[in-house]
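The values are calculated or read from the model by the stated rules, or taken from the named source; none is laboratory data. Predicted, not measured: the structure shown is a model, and the values here were computed from it. Cβ coordinates were reconstructed from backbone atoms using ideal geometry, including for glycine residues, and neighbour counts include every protein chain displayed. In case anyone asks, the SASA skips ligands and DNA or RNA and just uses the protein heavy atoms, side chains included. Shrake-Rupley method; radii C 1.70, N 1.55, O 1.52, S 1.80 Å.
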Amino acid sequence: MNCVGLKISIAHLYPKLLNLYGDIGNIITLKNRCLWRGIEVDFEEINIGDKINSHDLYFIGGGQDKQQQDVAQELYSNKNELISQRDDGAVFLGICGGYQLFGHYYQPHNKEKLNGISLMDAYTVAGNKRFIGNVTIETEFLDPKTLVGFENHSGLTFLEGETKSLGKICVGNGNNGKDGFEGGRFKNVFGTYLHGSLLPKNPHFADYLIGLALEKHYGEKINLPPLDDKFEFEAHNSVINKSY
Ligand code: GLN
C-alpha cells in the first residue's frame, strides 16, 4: 500500500532522564522508517512537568534507579490517562526501567517501592545479581520470530494475569533468569529488557509497532510497503544466539 501522506503521532516520554545505552535509537528508527515511506510523524518530547497528550505511540527508555525514581512519580500522576490511551489502542514500547514502570510496581533494594502505571499485569523486584549481556529471544508474533538485543538490569520482572511475554529466551536471562521468558505484552503495550538500541537491529518489530500505530490512527489495518533491510538484518543475524 502507498503510505505517502499518512500520519502518526509519537511521544518520547522523559528522554532527559530515561535514555540509557542509546535507547534514543528506537525513536530514530521509528521516525526514519515512517519518513522513508512518506508517513508524516507528529513527534513530541514529554519531560517532567509536561502534560501528556493523546498520541498513537508512546516510547520510554531505560535508566538507573535514581532516574527511574524521578520519572515514576510523574508517570504515576498520569496513570489514568495512559490506561485510557492503552484501552483506545495506543501503542507503548518501554525499555528496561521504562518497562518496569509499565507494571504495578518496582521494588528497588532498601528503597521505597516505585508505583508503576499498571499498563500490564506485572511487577518487578530488585535482584541480587546484575544480568548483563547479549540476548536472543524467539517470539510467536513476529516474522522472522527472533529479537536480539543487550540486557543490563538487576530487576526481576514477573508477569501475571493475561500478560504474555515477548518471547522465549534462546540466549540471555530475560525477565528474571528463572522462567525462561523475556519482556511483556498486553493489548498494544510492549516492554522489554533489550537495549541496544532494540529497533535498529529488529526492523520487523519496528514495522510491527508502526503498523499498530497506523491502525490506531486510521481505525483499519494498513500494510506497510517493504524497505530494503539488507544491512539491518545483517546486523540482526550477526548477533543471533551470540552470548559474548
Ligand atoms: N534500574 C533498573 C534495573 O537495574 C533498570 C535498569 C535499566 O533501565 N537498564 O533493573
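Structure data summary
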item: Residue ID - farthest from the ligand (Cβ to nearest atom), chosen from residues in the stretch 99-125 that are open to solvent by 60 Å² or more (accessible area, probe 1.4 Å), assigned to a loop (DSSP other than H, G, I, E, B) and at negative phi; result: His104
item: Test result for Lys201, out of contact with any Ser or Thr (no Cβ under 8 Å at 6 or more places or on another chain) and charged (D, E, K, R); result: yes
item: Qualifying residue in the stretch 88-96 (condition: near the ligand (Cβ under 9 Å from one of its atoms), outside any loop (DSSP other than H, G, I, E, B), buried (at least 24 other Cβ atoms within 10 Å of the Cβ) and of a type in the set (A, V, I, L, M)); result: yes
item: Lone unmet requirement of (1) more than 22 Å from Val91 (Cα to Cα); (2) surrounded by 22 or more Cβ atoms within 10 Å (Cβ to Cβ) for Leu166; result: (1)
item: Candidate set: the stretch 17-66, residues that are acidic (Asp, Glu) and more than 16 Å from the ligand (Cβ to nearest atom); chosen: the one nearest to the chain's Cα centre (by Cα); result: Asp56
item: Lone qualifier among Glu162, Glu81 - being more than 16 Å from the ligand (Cβ to nearest atom), touching a residue at least 12 places away in the same chain (Cβ under 8 Å), among the charged types (D, E, K, R) and not in a helix (DSSP H, G or I); result: Glu162
item: In the stretch 126-152, residue nearest to the ligand (Cβ to nearest atom) [restricted to those that are part of a strand (DSSP E or B) and among the aliphatic types (A, V, I, L, M)]; result: Ala126
item: In the stretch 222-244, residue surrounded by the most Cβ atoms within 10 Å (Cβ to Cβ) [restricted to those that are at pLDDT below 95 and part of a loop (DSSP other than H, G, I, E, B)]; result: Ile240
item: Options Ile24, Ile28, Ile52, Ile48: the member that is closer than 26 Å to Lys111 by Cβ and open to solvent by 10 Å² or more (accessible area, probe 1.4 Å); result: Ile48
item: First in the stretch 88-117 and over 22 Å from Leu199 (Cβ atoms) and without any contact (Cβ under 8 Å) to a residue 12 or more places away in the chain, second anywhere and open to solvent by 10 Å² or more (accessible area, probe 1.4 Å) and more than 12 Å from the ligand (Cβ to nearest atom), Cβ under 6 Å, 6 or more apart; result: Lys113/Tyr105
item: Flag for Gly155 being within 14 Å of the ligand (Cβ to nearest atom), of a type in the set (Gly, Ala, Ser) and not in a loop (DSSP other than H, G, I, E, B); result: yes
item: Some residue of the stretch 176-195 being part of a loop (DSSP other than H, G, I, E, B), open to solvent by 10 Å² or more (accessible area, probe 1.4 Å), more than 16 Å from the ligand (Cβ to nearest atom) and at negative phi; result: yes
